[in-house]
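The values are calculated or read from the model by the stated rules, or taken from the named source; none is laboratory data. Everything quoted here is computed from the prediction, not taken from an experiment. For neighbour counting, all protein chains shown are included, and Cβ atoms are generated from backbone atoms with ideal geometry for every residue, glycine included. The protein model used for the area step is the full one, side chains on, heavy atoms only, and it has no ligands, DNA or RNA in it. Shrake-Rupley method; radii C 1.70, N 1.55, O 1.52, S 1.80 Å.
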Amino acid sequence: MNFLEEKILSEGTVKQGNILKIDNFLNHQIDIGIMRQIANELKQRFSGVEVNKILTIEASGIAIATMLGHLYEVTVVFAKKSETVNSTDDKYISQAYSFTHKQMNSVFVSKPYLHPTDRVLIVDDFLADGQAVHALIDLVHQAGGEVAGIGIAVEKGQQKGGKILREEGYRLESIAIIEDMDWQTQTIRFRQQR
Ligand code: 5GP
């Protein structure tokens, strides 16, 4: 078991509706030691891949992205969310259905922050159905940039996002992949990796 799987088992709780709560170290309170380990692990898994920008989505992806940006010494950009975006000028805009908030969000990045020369490593805390990551991919492509890879802390393997992204040919690395979890028994099983 890796460090993140151990941390999830010792501090995570499973909520009804297929939600893993890890507020204790990632989604509310931030454990800097674990964030550092997540960033180091992603950097190692993407070794040899050229990256000149890190892109995430507010809010919880920002902590991981910042640590990773520090390691790569590249700029970190986070896409902003809102239910509606009034002006369409000077922004790249995409849409993502929020799994946790059950609503459609517009997701945007101001045009000066993404370029055709960007080789972007997309990172996020969770991957579920892949809505958030697909919106980020769309923003990179609108800017004419390239997706160098996708780095995720926790992939929920029983949801479709990971399968779709791998089938689409993206290089996807998830540090912990949940095979299944049960809120009644509080059991979590991880997919064997490597
Ligand atoms: P997706 O867009 O892949 O369907 O869902 C990923 C997004 O939803 C993540 O950015 C994350 O914020 C949120 N999310 C999805 N599942 C969970 C979960 O089980 N726990 C938490 N804390 N967030 C989740």
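Side notes on the structure shown:
- Surface accessible to a 1.4 Å probe, per residue, for the residues of segment 1-151, Å²: 48 Å²
- At most 15 other Cβ within 10 Å, DSSP loop - trypsin sites (Lys or Arg not before Pro), segment 70-172: Lys102, Lys160, Arg171
- Distance between the modelled labels on Glu50 and Lys15, one decimal in nanometres: 4.2 nm (7 Å Cα→Cβ projection).
- Amide N of segment 108-132 lying under 18 Å from the label point, which is placed 7 angstrom from the Cα of Lys160 along Cα→Cβ: 127-132
- Within the full protein context, the accessible area of Glu11 is estimated at about 60 Å² for a probe radius of 1.4 Å.
- Projected-area mean, segment 54-170, by convex hull of Cα positions, square nanometres: 6.9 nm²
- Stretchable slack from Asn24 to Arg191, in nm (0.36 nm times residue separation minus alpha-carbon distance): 57.8 nm
- For segment 48-176, the number of Lys pairs separated by eight or more positions or lying on different chains, with C-alpha atoms closer than 20 Å, is 13.
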